[in-house]
Amino acid sequence: MEKKLNIDIPESIFRFESLMERILPKRIFYKLLLRGKGLEFDSFRKYSDDDDASSIDWKASKRANTLLVKQYVEERDIKIMFLIDVSDNMVFGSQEKLKCEYVAELVAALGYVITSSPADKIGYIFFNNNLVQITPIRPGKKQFETLVYEISNPDFYGGVSEINNSLKNAIDLLPQDLTLLFIISDFLGVDESSRKIFENLGAMFETIAIMVKDPLDRTFPDLNREVIIEDPNTGERILVNPKIAKKIYEKNAAEKESLVKEIFENSNIDFLSLGTQEDFAPELAIYLKNRVERRD
């Protein structure tokens, strides 16, 4: 029987793009939300009837006693890279979507928005304990179509998870003039030994980490019977009663997630946590809008 992922790329793009267009003006919503090296502040200018009201800089306007908007100098060569976890950890789920299916739709939606600007470029790396697929940064819709084809291919998924090793190898492949780096994973393999790797990434590149979790990554179901749990990396199995182990499991999961957030914060890496039980589109759109406001 042919393997197939449960994904709907066109629908995910429509939901996300529609939300972003409502949140930010069409002509600037992508450029502003991903502004790193992409746009350089030039000066303020007076607000005109052609401007969207959301582009008004209220602090500067108050000082000048007239409505002002920020003006930017575009750099033509915007480069975005996705590092995408495709390991066994991601081929898991208790919801409608496996984690990898949820990520595929999210990345496709972001990739579509980025490549809607002809001058802007994306690349991507799939990883498990190694680098599974490396696609250099290129511009255009052809690159987006290749991304959709490959992220929809179930043959790329699976394998032992080893995020530290993969990120170490990926760093050498990232261009020094990268505008923005997305790392998308459940980050279950992150521990204290990962700290230096993320510190290096955060120092070298403007980075956004998107953590995608299934509810079962955080809690056991309410079952009063014994179940077998297997470590996908080692194959080790243990017999547990979820009702008895639930509190310990939740405590360990919460502590692990707290450590991941602290590592990102101290590494100057922006962080978004998503659950596969929720629609990524509004969560991601609001996060990016807030990111714009924080940077302004």
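The values are calculated or read from the model by the stated rules, or taken from the named source; none is laboratory data. Note that the coordinates shown come from a computational prediction; the quantities given were computed from them, not determined experimentally. Cβ placement follows ideal geometry from the backbone for every residue including glycine, while neighbour counts extend to all protein chains displayed.
Can you find a residue that is assigned to a loop (DSSP other than H, G, I, E, B) and free of Cβ contacts under 8 Å to residues at least 60 places away in the same chain anywhere in the stretch 253-264? Scanning the stretch 253-264 turns up no residue that is assigned to a loop (DSSP other than H, G, I, E, B) and free of Cβ contacts under 8 Å to residues at least 60 places away in the same chain. Quick one: R63 ticks every box in (1) at pLDDT 80 or above; (2) basic (K, R); (3) over 29 Å from the mean Cα position of the chain (by Cα) except a single one, so which number is it? Against the list (1) at pLDDT 80 or above; (2) basic (K, R); (3) over 29 Å from the mean Cα position of the chain (by Cα), R63 comes up short only on (1).
The number of residues in the stretch 134-147 being touching a residue at least 24 places away in the same chain (Cβ under 8 Å) and outside any loop (DSSP other than H, G, I, E, B) comes to 7.
Evaluating T234 against the criteria (1) surrounded by fewer than 16 Cβ atoms within 10 Å (Cβ to Cβ); (2) under 18 Å from the mean Cα position of the chain (by Cα); (3) hydroxyl-bearing (S, T, Y) leaves one unmet condition, (2). Put simply, of E162, E101, E96, E145 the only residue that is in the same structural domain as G275 (by TED's automatic domain parsing), surrounded by fewer than 22 Cβ atoms within 10 Å (Cβ to Cβ), out of contact with any strand residue (DSSP E or B) (no Cβ under 7 Å at 6 or more places or on another chain) and closer than 20 Å to A209 by Cβ is E162.
The one condition from (1) outside any helix (DSSP H, G or I); (2) exposed (fewer than 15 other Cβ atoms within 10 Å of the Cβ); (3) without any contact (Cβ under 8 Å) to a residue 40 or more places away in the chain that F220 does not meet is (2).
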